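Input: a single structure, listed below in structure tokens.
The values are calculated or read from the model by the stated rules, or taken from the named source; none is laboratory data. If you're wondering where the values come from, they're calculated on a predicted model, not measured in any experiment. Virtual Cβ from ideal backbone geometry, glycine too; neighbours counted across all protein chains shown.
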Amino acid sequence: MIRHMSTHPARGLSRVLEDLGPTLLELVHGDPAAAGELGGVGIHDPHDEQHHPERAIVLGVGVHGAPEISRLLRELAGAGVAALVVRGPVDAAELEAVAAETGIALLALTRGASWAQMAAMLRTLLSEGDVGETGEQTLGGVPSGDLFALANAIATLLDAPITIEDRRSRILAFSGRQDEADPARVESILARRVPERYLRVHEEHGVFETLYRSEQPVHIPPPSLGDEVALPRMAIAVRAGDEILGSVWAALRKPLTPEREEAFKEAAKLVALHMLRFRAGADAENRLRADLVTTALEGGPEAVGALGRLGLADEPLLVLAMGLEPAADGDHAQITAERQRLTSALAVHLTAVRPRSAVALLGDVAYALFPVPDDSAAARQRAVQVAENFLQRTGERVGAVVGIGSVAPEPAALARSRTNADRALRVLFDGRAGGRVAAIADVCVDALLIEMRDLAAAHRDELSGPIALLADYDRRHNAHLVETLRAWLDAFGDVIAASASVFVHPNTFRYRIRRVAEVGQIDLRDPSARFAAMLQLRLMSLHDDGGRAGTVGGE
């Protein structure tokens, strides 16, 4: 039974360096033991007001050079920050004095490592934002569900660097000493998944088929990929009954003894328990978080308590609603999985920008509570930029869109913000926003028109007045009078521009507009008559077959 445990506090900087260094992080200056318990993860944004958790480890994204790093260290010293991470390599000599002066530990992030992944891993290690109860349970002497501690324990048993992977070859956790492995292993750690070229080789040689069929450790010779040098591997499947949860991989510089192979087999059983506990804990936390977000969005008397547990009780919030429009022939299970994947990605993206953001998938829509400094146009535009940046990273193939609601200065206003986010999302799905992100402040008129169309359809309101007469005349004579009136109104009565838009001669257009006034019995000099006609035409155009007669909603 494994009894290896980290001697460092779970939320300490020493533990972070033990689990993530030297593959991802290198200590440049400072005493990890003196950093104390870390209070969370912060992201440095030079263009925004900073609100880092107490004793935070701050990610200095885009901070380069000794002068800039020195300036940031002094700035963070007054905020009670424990550690700063900057992109390596770092000129250690130039920064030694300022690091000692501020008492902030300085760390360097390995080139090629993703800031978003680093933020996600740090939050996992520090359990930041844990809305459940923290237990002291252990399995085999390792804290329950702590896959990083377990990977280190197995690495000690086997004297080899270890990765724990899921069924899709994504890295869930890894041990220290990865620098003793090969470039392929380091590349896997940086990307948090096994490189595609190695997966193809493994699949071609039936490695996964053999691995998942066997209950014994499987020897895997190094693949032949050009000039790449790789170590042999030994892997074992992680099972829970008939379910394959993942696998554990050891990079070997020398074969395992029979005793260590047996220890590897026993360790896989313990990994299964931890993976199940980790999955159950994550599921429970996600359910609780979704319940808290739902309660907050309803804006009732319990909203304040829910926001307090989410750490969002004392600041204005914006609700973001992310939807994924399914293709006509889309696979329901695949779309559901895609929604869940995008929700997780959105949570990582938003918390990198605003650490206290909360995201939950409610039905088919992912809702985010996004803190903003105030109810200003700049704050709303910032939310739009953050959402656009996220969708740019996901790619257009995914087809996700984000609606942004109004600012909620107090909990009671969150329900209205959610409603407005849903309204903006509806405009996007209707294809009327001309983009993939829309704030309700920018599309409120389109939202109103869609709601008026729905209301007219629900009441089965029929076209009436001049528009009904023109539509009936067009149907009988193919006269294009509705089209003529629409073009004339859109051009503010400019006959030259209107006639060009419908590709007819200006004299022909003048004749048609006179027929519009005669057939429709409409006084085009009357502003009220023009407005009523424009409104009906807009409602008609919201329907795919907007030019036809019938109800205003198109039924």
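Results for (1) part of a strand (DSSP E or B); (2) over 21 Å from the mean Cα position of the chain (by Cα); (3) under 23 Å from residue 315 (Cα atoms); (4) without any contact (Cβ under 8 Å) to a residue 12 or more places away in the chain, shown as yes or no for each residue.
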{"residue": "19", "(1), (2), (3), (4)": "no, yes, no, no"}
{"residue": "27", "(1), (2), (3), (4)": "yes, yes, no, no"}
{"residue": "42", "(1), (2), (3), (4)": "yes, no, yes, no"}
{"residue": "47", "(1), (2), (3), (4)": "no, yes, yes, yes"}
{"residue": "52", "(1), (2), (3), (4)": "no, no, yes, no"}
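Just one of the numbered conditions (1) loosely packed, with under 14 Cβ neighbours inside 10 Å; (2) modelled with pLDDT of 85 or more is not true of residue 486; which one?
For residue 486, the failing item is (1).
So which of 339, 289 is buried (at least 17 other Cβ atoms within 10 Å of the Cβ), within 20 Å of residue 41 (Cβ to Cβ) and at pLDDT below 85?
Every option except 289 fails the conditions.
What's the number of the condition residue 318 fails, among (1) surrounded by fewer than 17 Cβ atoms within 10 Å (Cβ to Cβ); (2) modelled with pLDDT of 85 or more; (3) under 18 Å from residue 373 (Cβ atoms)?
(1)
Looking only at the stretch 141-191, filter to residues that are in a strand (DSSP E or B) and of a type in the set (A, V, I, L, M); which one of those is farthest from residue 209 (Cα to Cα)?
142
Looking only at the stretch 152-174, how many residues end up being among the acidic types (Asp, Glu) and either surrounded by fewer than 19 Cβ atoms within 10 Å (Cβ to Cβ) or without any contact (Cβ under 8 Å) to a residue 40 or more places away in the chain (or both)?
Matching residues across the stretch 152-174 total 2.
Quick one: would you say residue 233 is basic (Lys, Arg), surrounded by 18 or more Cβ atoms within 10 Å (Cβ to Cβ) and outside the structural domain of residue 23 (by TED's automatic domain parsing)?
For residue 233, the condition - basic (Lys, Arg), surrounded by 18 or more Cβ atoms within 10 Å (Cβ to Cβ) and outside the structural domain of residue 23 (by TED's automatic domain parsing) - is met.
Is one or more of the residues making up the stretch 116-128 out of contact with any Asp or Glu (no Cβ under 7 Å at 6 or more places or on another chain), modelled with pLDDT under 75, surrounded by 14 or more Cβ atoms within 10 Å (Cβ to Cβ) and in a loop (DSSP other than H, G, I, E, B)?
Yes: the stretch 116-128 contains one or more residues that are out of contact with any Asp or Glu (no Cβ under 7 Å at 6 or more places or on another chain), modelled with pLDDT under 75, surrounded by 14 or more Cβ atoms within 10 Å (Cβ to Cβ) and in a loop (DSSP other than H, G, I, E, B).
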